[in-house]
Structures are given as structure tokens and as C-alpha cells.
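What follows draws every value from the coordinates through simple rules; no lab data is involved. Please read all numbers here as calculations on a predicted model, not as lab measurements. Every residue, glycine as well, gets a Cβ built from its backbone with ideal geometry; the counts of neighbours run over all protein chains shown.
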Amino acid sequence: MKRYYLDHAATTLLRPEVRERMQPWLELLGNPSSSHAHGRAAKAAIDVARERVSAQLGVLFGEICFVGSGTEAANLALLGLAIGTTSERRRILVSAAEHHCMLHPGPVLKRLGFELEEIPIDADARVDTEALAEMMGDDVLAVVAMHANNEFGTFNDLAAIRGLCDEHGSLLIVDAVQTAGHYELRPEAMGADIMTFSSHKFGGPKGVGALWIKSGTQVEALVRGGGQERDLRGGTENVAGIVAFADAWDITAERRDIEESAKLAARDAFLAALGPQAIRTVSPGQPTLSGHAHVRFANVLATSLLIAIDRRGVSASSGSACSSGSLDPSHVLLAAGYDMSEAQGGLRFSFGPETTPGEALEAAEIVLAEASRIAGR
Ligand code: PLP
């Protein structure tokens, strides 16, 4: 049976060139903390990777910290800030549309004496800036707002959010996991103080993440040990993974124009083939990530449809990767104002550069046939 992978927002294919180039580093003997030649070679490879990532972002070399995932990057941003800050501010405002990695540290933050409050979002999962303006105050340490949402694919108005942070002297933490590599990012111009990334979303291996932390931002390590990553993240570095992270970012950036157009063509062909039976989640005209389509079908539970299309070769998702397969409706759809039954119908199809419009059409036929069968149409 032919398989169609329409879940690129969950993870992407490890680019073959990246796999090939990381191979020697998997076999490398030296520990980057060792002062002998083997160790120095490993350390140099990490430094080159850091240089390349900082060049992609237009930031300082020393502002990049490699970690073990996008989730760890988010936890270091939030919890590391909470334990590292000398400020008296104790409120952290987090968009209700954030990935769980930014929302679930809430109870730990509470134990540390901080209050994590959810910022309401609009029907397109974007931060409601009027509601945020009302919540802001001089006791807000940080605001958390993602660049693009992993379920809806929509973008936050970071300029407006930064403006509100400036009025109150608050920091802005931006999860750029869905856009890193695929879109040109300039963290400072985008108004961020901390930005988080994950390698497997742009053709790198799973289990490698990074953060940009603007110089002077008070973040303390959560993992302590040998003082690696300038004392921000102890533990012997994943040299091959870090090299691959930088490689994957560079390759994705080089091919950005071609790949974004390819994803867009596949996505648009898919949506056109689904036709009016598919109810689109995002408002017409609202910009989204080029490979993203979020829809539902009347009287069709997402979980039933996902199982049915999986049997026929189509892999897609009902929301964030960690909740796919579970019956819980997406917290993003609920926060965006959808009722329980609408939220239980939400489906995310996300396209990669290798998906052809022809394959998108074939997959759409399967999705339509199964949705009609389930709905009894
Ligand atoms: N943030 C967003 C927006 C994501 O989509 C994801 C992954 O789905 C993460 C964070 C977590 O990244 P990782 O899978 O590397 O932990």
C-alpha cells in the first residue's frame, strides 16, 4: 500500500545529506570537554555549528545554547528564567495556544512562587492583544507567544505583543519551533528576548533543540554538572546532533523558496480537492505556514477519521504530536472558542517539500471517502 505522510508539523524526514554528514561525528571518539586533540576536535565541531546557527539568526555566537529538544528549550526558558531572575516580578503570561511545553511548567512555576496565566486567543489561535493589554502590568516578568502555531499554522502579531512588553518592561519568549529554518528569523527585530528551536522540524535529527537567549537575560541552568554550554546546560554534548542541527538549518534556508512553494502547491491542491465538505478552521485570508491545513468534517470525530485513513495509508494528526492518538480534544481549538464536538473534529494535515500535488490529490480522495463513510453520507 502506498503511504502518504501528511504530518510534517509533527516531525520531518531526516535530510539524507544531514545524515551523511553527521555520520563521522557519531563515530568520533573525543569528549568536547577533554583538552586533548580528540576533545578539541569535538569542541570545534560544536563551535562551528554554533557559529552557523548564530549567523542564520543574525545574533551573537555566545547567545546560542544547544539542548535536547524544543521541549527542553521551552522549559529552560521558563523555569531557567524563574530561578535566574533577580526581578521581583512574579507573573508570567502564556498564550493559551502554546504547545504544552510552554504551558505544563505552570505547576512548577507556582511552586517557585510564580503565577502562569493564560492569555486568551482569537478564533485563529492568535494572541488576543486587547486581552493581553488588560492583563499586562509592571509585575509581569515575561510574556510567552509562539511565532507560528503548530496546530492552526497561524502567526502571532509579535510586533504588537512586543509593544505591550515594552510598555511594562516585560520579557518576550518566542517559540519558533515551527518556523526555524523554514522562515528567516531575526529574533531581536522580532522583539524576542528568548527564542526556542527544534532540529527535527526542519530535517534534522530528533532530540536536539536550541535557544537563543539575548545577552544579559537572567536564565539559570536546570541541568547542572560539568558546566557545558557556558554553564547553561550540563551534560556531555550531542556532538553529531548539534552538527546536524546546524546543517539541517543551513540546507533548509538554502532551499527555502523552492521548498515553501512546493509545500504550498501540495497544500492548496489538497484543500481544493477536499472542497466544501471540509470546514476550514482558519479564517479566509489569514496567513498560515505554507504546509499547513487545518479542517474538520461535520459529524466526523477526528480520531475515527485518523484511524480510518491510517488504514488506507494516510498519516495525519489531530493536533500536537503528543496528543495525537488520544481522545482529548485540542486545547488550542477549545481556547479558540470551538465547542467540544467541533474541537473533537479538528484535523491537521501538514505537507513537506517532497509531497507532490498528485499525491496530495490521492490522499484527499482517501480522506473524503472515509469522512463520507463515517458521517454516513
Ligand atoms: N513547540 C512547538 C510549537 C512544537 O510544535 C513542538 C513539537 O511538536 C515543540 C515545541 C516541542 O519540540 P520537541 O518535539 O523538540 O520537544
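Please give the calculated 222 nm ellipticity per residue for the chain, where each DSSP H segment of at least 4 residues contributes -39500 (n - 2.57) and the sum is spread over every residue; nearest 500 deg cm²/dmol?
-12000 deg cm²/dmol
For the stretch 164-315, with equal point scatterers placed on the C-alpha atoms only and solvent neglected, what are the log10 I(q)/I(0) values from the Debye formula at q = 0.10 1/Å, to two decimals?
Scattering profile of the stretch 164-315, log10 relative to I(0): -0.55.
Taking Cα pairs under 8 Å and at least six residues apart, what relative contact order does the stretch 1-122 come out at, in percent? If you can, show how the numbers build up before the last one.
Numbers: 88 pairs, mean separation 17.8, N = 122.
With pairs under 8 Å counted, the relative contact order is 15 percent.
Among 285-297, 16-28, 140-152, how do they line up by average Cβ neighbours within 10 Å per residue, starting with the highest?
For the peptides 285-297, 16-28, 140-152, the packing ranking is 140-152, 285-297, 16-28.
How long, wide and thick is the chain, going by the Cα atoms along their three principal axes, in whole angstroms, largest first?
67, 52, 32
Taking the alpha carbon gyration tensor of the stretch 239-298, what are the square roots of 5 times its eigenvalues, largest first, to the nearest whole Å?
Values: eigenvalues 198, 32, 20 Å².
Rounded to whole Å, the semi-axes are 31, 13, 10.
Positive end of the dipole of the stretch 203-302, charges at C-beta (+1 Lys, Arg; -1 Asp, Glu), about the Cα centre: which of Gly235, Gly285, Ala246 has its Cα farthest in that direction?
Farthest along the dipole direction, towards plus: Gly285.
How high is the relative contact order of the chain, given as a whole-number percent (alpha carbon pairs under 8 Å, six or more residues apart)? Spell out each step's value before the answer.
Numbers: 779 pairs, mean separation 83.7, N = 377.
Rounded, it is 22 percent for the chain.
Length gain on complete extension for the stretch Thr356 to Leu112, per 0.36 nm per residue less the alpha carbon to alpha carbon distance?
Details: separation 244, 0.36 × 244 = 87.84 nm, distance 4.94 nm.
Full extension of this stretch gives 82.9 nm more.
Please report, in cubic angstrom per residue, the volume enclosed by the convex hull of the alpha-carbon atoms of the stretch 99-221. Walk me through the numbers before you get to the answer.
Values: hull volume 14.8 nm³, N = 123.
With only Cα atoms used, the stretch 99-221 gives 120 Å³ per residue.
So how much slack lies between Ala375 and Asp166, counting 0.36 nm per residue of separation and subtracting their Cα-Cα distance, in nm? Before the final figure, lay out each step's value.
On the way: separation 209, 0.36 × 209 = 75.24 nm, distance 4.99 nm.
So the extension gain works out to 70.2 nm.
So which DSSP H runs in the chain come out at 24 Å plus along the axis (Cα) with average Kyte-Doolittle of at least -1.0?
Values: long enough: 37-57 (30 Å, -0.14); 256-274 (27 Å, 0.09); 357-375 (26 Å, 0.54).
Span-like helices, by this rule, are 37-57, 256-274, 357-375.
I'd like the distance between the alpha-carbon centres of the stretch 145-177 and the stretch 328-377, rounded to an integer number of Å.
27 Å
Which whole number of Å³ per residue matches the convex hull of the alpha-carbon atoms in the stretch 1-81?
On the way: hull volume 13.1 nm³, N = 81.
Per-residue hull volume (Cα only) is 162 Å³.
If you look for lysine pairs in the chain that are eight or more places apart or on different chains, how many of them have Cα atoms under 26 Å apart?
Here the count comes out as 11.
Cα-based Rg of the stretch 333-377 per 2.2 N^0.38 Å, rounded to two decimals? Walk me through the numbers on the way to the answer.
On the way: Rg = 13.8 Å, N = 45, 2.2 N^0.38 = 9.3 Å.
So the stretch 333-377 has a normalised radius of gyration of 1.47.
Mind checking Rg over Rh on the stretch 84-162, alpha carbons, Kirkwood formula for Rh? Provide the component values of the computation, followed by the final result.
Working: Rg = 12.5 Å, Rh = 12.9 Å.
Taking Rg over the Kirkwood Rh, I get 0.96.
Please name whichever of Trp25, Gly225, Gly68 sits farthest to the positive end of the charge dipole of the chain, dipole taken about the Cα centre and charges placed at Cβ: Lys and Arg +1, Asp and Glu -1.
Trp25
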